[in-house]
1. Evaluate the following for Gly276: is it at pLDDT below 95 and either under 20 Å from Val22 (Cα atoms) or out of contact with any helix residue (DSSP H, G or I) (no Cβ under 6 Å at 6 or more places or on another chain) (or both)?
2. I'm told Gly60 meets every condition in (1) surrounded by fewer than 15 Cβ atoms within 10 Å (Cβ to Cβ); (2) in contact (Cβ under 8 Å) with a residue 24 or more places away in the chain; (3) within 30 Å of Lys337 (Cα to Cα) except one. Can you identify the failing condition by its number?
3. State whether the residues of region 48-57 include one that is assigned to a helix (DSSP H, G or I), within 18 Å of the chain's Cα centre (by Cα) and under 27 Å from Lys331 (Cβ atoms).
4. Taking Leu111, is it in contact with a Phe, Trp or Tyr (Cβ under 6 Å, 6 or more places away or on another chain), modelled with pLDDT of 95 or more and away from ligand 2 (no atom under 14 Å from the Cβ)?
5. Could you count how many residues in region 130-153 are more than 16 Å from ligand 2 (Cβ to nearest atom) and within 23 Å of Val81 (Cα to Cα)?
6. Within 15 Å of ligand 1 (Cβ to nearest atom) and over 20 Å from Asn194 (Cα atoms): which single residue out of Val89, Val113 fits that description?
7. Quick one: which residue in Val234, Val228 is closer than 30 Å to Ala84 by Cβ, within 13 Å of ligand 2 (Cβ to nearest atom) and in contact with a helix residue (DSSP H, G or I) (Cβ under 6 Å, 6 or more places away or on another chain)?
8. May I ask you to list the residues in region 150-162 that are in contact (Cβ under 8 Å) with a residue 60 or more places away in the chain, closer than 15 Å to Asp292 by Cα and surrounded by fewer than 17 Cβ atoms within 10 Å (Cβ to Cβ)?
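The values are calculated or read from the model by the stated rules, or taken from the named source; none is laboratory data. Predicted model, so just to flag it, every value in this text is computed and none were measured. Please note: Cβ atoms are built from the backbone with ideal geometry, for glycine as well, and neighbour counts cover all protein chains shown.
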Amino acid sequence: MVKHILLTGGSGFIGSNFVRFVFNARPGVKITNLDALTYSGNPENLADLEHDARYRFVKGDIGDAPLMERLIGSGEFDGVVHMAAESHVDRSIMDAGPFVRANTLGTQVLLDVLRRMQVRHKEGKGPPPPRFVYVSTDEVYGSLPLEDKSQLFTEETPLQPNSPYSASKAGGDCLVRAYHHTFGLDLLTTRCSNNFGPYQFPEKVIPLFVTNLIEGKQVPLYGVGANVRDWLHVEDHCEAVLTVLERGVSGEVYNVGGNNERSNLELTHAILAIMGKGKDMIRNVEDRLGHDLRYAIDASKIKRELGWQPTRSAWPKALEATCRWYVDNRKWWERVKSGAYREYYERQYGTR
Ligand code: NAD
Ligand code: TDX
């Protein structure tokens, strides 16, 4: 079992859920969270754990090679879970630069630190490089047709990313593959479908729609809402990542999915029903450029080989619980939507 995990991007949606999940599931494990606190990194997501002896926060950018060298090269971690990324497709369509820098080049910086550790270790001059899990996405596979529901993404599906976001994530996937193949580093990859749950930045469709409805605003549905996504509760994803870290086979890729395909229109109707609102609250807006039609994951490998399967994603109960979380935690998302969450950051870490 791992003892001390370096988690990158731990102040974001999945990262902050991962910290909580691991502390509950493995009370003896320590986590150091390395996060640059970009717009989607919110220290308030983990404010209650700040004084937990098992938790440490380091503010930094994965692209900062000397810092990564000092941190990872110290040898204090036996596992790295790499989640830090620019994560929103629409932002990548506006400006791809930050995506390539964080998702592709940032991943390369981390891999190069491991490579240098490996060289030093072989010379008897330092600790071995830790195991490294790259948290990727189903979006690297591109898009499936709407008509033929039998088609699913498997780990053998060729990478055909369609957005600057998914292309920059696929850059990371390719580097992980190459560094394992070339140097034999202990690297693994997960490719997960759309997550939902608490602490998701309200630019993503579920928290955006739920919080808009609470505020009495309409929900902007792209096109006619025909696009299909496979929804997985974030804690199921966290469990899958921990499982891969603990028991995955080095060099392997594991798909993670909820077997829970919904069109955006179906999803929107479900949210409206939960929130007690009518269809008049839908505003059909211009479609996303290059909008992938359908993502659907075949997650049979991780089930067969590592025994993981989703247990928290049952529809619509899990969606109802998520909507309720946003209803009950209005202060959290109001501070995000208004930008006030940055004040906490300024107080804790000074000006940016
Ligand atoms: P998020 O945007 O909520 O969080 C990303 C975190 O990374 C933030 O805390 C941000 O400050 C940090 N970060 C960004 N650039 C950084 C850098 N250069 N250095 C250090 N930290 C940096 O994203 P999320 O939804 O929690 O996604 C986490 C990971 O999971 C990403 O790698 C994403 O590609 C992957 N993923 C997400 C989903 C999903 O549905 N949200 C599904 C599959 C995979
Ligand atoms: O306002 C909106 N209206 C709308 O119709 C938004 C923000 C989205 N949508 C649609 C677009 C997508 O088909 O809803 C669907 C989901 O959109 P997002 O929440 O932006 O997620 P998606 O683009 O599918 O990507 C997400 O899942 C995979 C994450 O943001 C990625 O980080 C992850 O890799």
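1. no
2. For Gly60, the exception is condition (1).
3. no
4. yes
5. Total satisfying the criteria: 3.
6. The unique qualifying residue is Val113.
7. Going through Val234, Val228 in turn, just one is closer than 30 Å to Ala84 by Cβ, within 13 Å of ligand 2 (Cβ to nearest atom) and in contact with a helix residue (DSSP H, G or I) (Cβ under 6 Å, 6 or more places away or on another chain): Val234.
8. Scanning region 150-162 gives a single hit, Gln151.
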